[in-house]
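> I'd like to ask you about the structure that follows.
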Amino acid sequence: QVQLVESGGGLVQPGGSLRLSCAASGSMLNFYVTGWYCQAPGKQRELVASITSGGMRNNADSVKGRFTISRDNAKKMVYLQMNSLKPEDTAVYYCNAHLSSLTYWGQGTQVTVSS
């Protein structure tokens, strides 16, 4: 069993930055691929970025050059540094961990980009 708790969301102006954090608990976490997904109102949940325990990253085209995912295996933390935020980044952001057929989600944290 894996539990994920996100924090760090909020309201930010366009061009601003936020850092999301995800605290994970459970066993065998180092084997999981972890990532961040976002879901805007009326849209499907979609991948923002993912990272393996070895540090291999996969980023959505829309966030390349702006968002950076990282993880600290020892602290069981996953981060998403979001820079140059745009209004279209407004969404609920979810932390995710998956391994084979096992998938776990956090409760989500709201990010609103608005002037």
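The values are calculated or read from the model by the stated rules, or taken from the named source; none is laboratory data. Not measured: the values here are computed from a predicted model. As a convention, Cβ positions derive from the backbone with ideal geometry for all residues, glycine included, and neighbour counts pool all protein chains shown. These accessible areas exclude ligands, DNA and RNA; they are computed on the full protein's heavy atoms, side chains included. Shrake-Rupley method; radii C 1.70, N 1.55, O 1.52, S 1.80 Å.
> Could you list, in sequence order, the residues of the range 26-44 that are under 16 Å from the mean Cα position of the chain (by Cα), part of a loop (DSSP other than H, G, I, E, B) and either surrounded by fewer than 16 Cβ atoms within 10 Å (Cβ to Cβ) or without any contact (Cβ under 8 Å) to a residue 40 or more places away in the chain (or both)?
Across the range 26-44, the qualifying residues are Ala40, Gln44.
Okay, residues lined up against (1) in a strand (DSSP E or B); (2) touching a Gly at 6+ places or on another chain (Cβ under 6 Å); (3) among the acidic types (Asp, Glu):
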| position | (1), (2), (3) |
| --- | --- |
| Thr68 | yes, no, no |
| Ala74 | no, no, no |
| Leu80 | yes, no, no |
| Leu85 | no, yes, no |
| Tyr94 | yes, yes, no |
| Ala97 | yes, no, no |
| Tyr104 | yes, no, no |
| Val111 | yes, yes, no |
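> Report every pair of residues separated by at least 6 positions or lying on different chains whose Cβ atoms are under 6 Å apart, first residue within the range 93-115 and within 20 Å of Met28 (Cα to Cα), second of a type outside the set (A, V, I, L, M) and exposed (fewer than 15 other Cβ atoms within 10 Å of the Cβ).
Within 6 Å, the pairs are Leu99/Phe31.
> Does Ser101 satisfy the criteria of being farther than 17 Å from Cys38 by Cβ and either among the polar types (S, T, N, Q) or in contact with a helix residue (DSSP H, G or I) (Cβ under 8 Å, 6 or more places away or on another chain) (or both)? Spell out the reasoning first.
Numbers: farther than 17 Å from Cys38 by Cβ: yes; either among the polar types (S, T, N, Q) or in contact with a helix residue (DSSP H, G or I) (Cβ under 8 Å, 6 or more places away or on another chain) (or both): yes.
Yes.
> Report the residue count in the range 1-25 for those that are open to solvent by 60 Å² or more (accessible area, probe 1.4 Å) and either assigned to a loop (DSSP other than H, G, I, E, B) or of a type in the set (A, V, I, L, M, F, W, C) (or both).
6
> Can I ask one more? Taking into account only those residues within the range 68-82 that are within 10 Å of the chain's Cα centre (by Cα) and hydrophobic (A, V, I, L, M, F, W, C), which is surrounded by the most Cβ atoms within 10 Å (Cβ to Cβ)?
If we filter the range 68-82 for residues that are within 10 Å of the chain's Cα centre (by Cα), which is where we start, we get 68-70, 78-82.
Checking the rest, the ones that are also hydrophobic (A, V, I, L, M, F, W, C) come to 69, 78, 80, 82.
On the way: Ile69: 23, Val78: 29, Leu80: 26, Met82: 27.
By that ranking, first place goes to Val78.
> Which condition breaks for Leu20 when tested against (1) closer than 14 Å to Thr109 by Cα; (2) of a type outside the set (Gly, Ala, Ser); (3) out of contact with any Phe, Trp or Tyr (no Cβ under 9 Å at 6 or more places or on another chain)?
All conditions pass for Leu20, except number (3).
> Can you find even one residue in the range 68-79 that is touching a Ser or Thr at 6+ places or on another chain (Cβ under 8 Å) and among the small types (Gly, Ala, Ser)? Please lay out each step first, then the result.
To start, the set of residues in the range 68-79 that are touching a Ser or Thr at 6+ places or on another chain (Cβ under 8 Å) comprises 69, 71, 73, 76-79.
Of the ones still in play, those that are also among the small types (Gly, Ala, Ser) are none.
The answer is no; no qualifying residue exists.
> Further, regarding this structure: Would you mind telling me which numbered condition in (1) out of contact with any strand residue (DSSP E or B) (no Cβ under 6 Å at 6 or more places or on another chain); (2) free of Cβ contacts under 8 Å to residues at least 40 places away in the same chain Arg71 fails?
(1)
> Follow-up question, since we're still on this one. Which residues, counting only those in the range 53-67, are open to solvent by less than 40 Å² (accessible area, probe 1.4 Å) and at pLDDT below 95?
We begin by selecting, within the range 53-67, every residue open to solvent by less than 40 Å² (accessible area, probe 1.4 Å); these are 55, 60, 63, 66-67.
Result: Gly55, single match.
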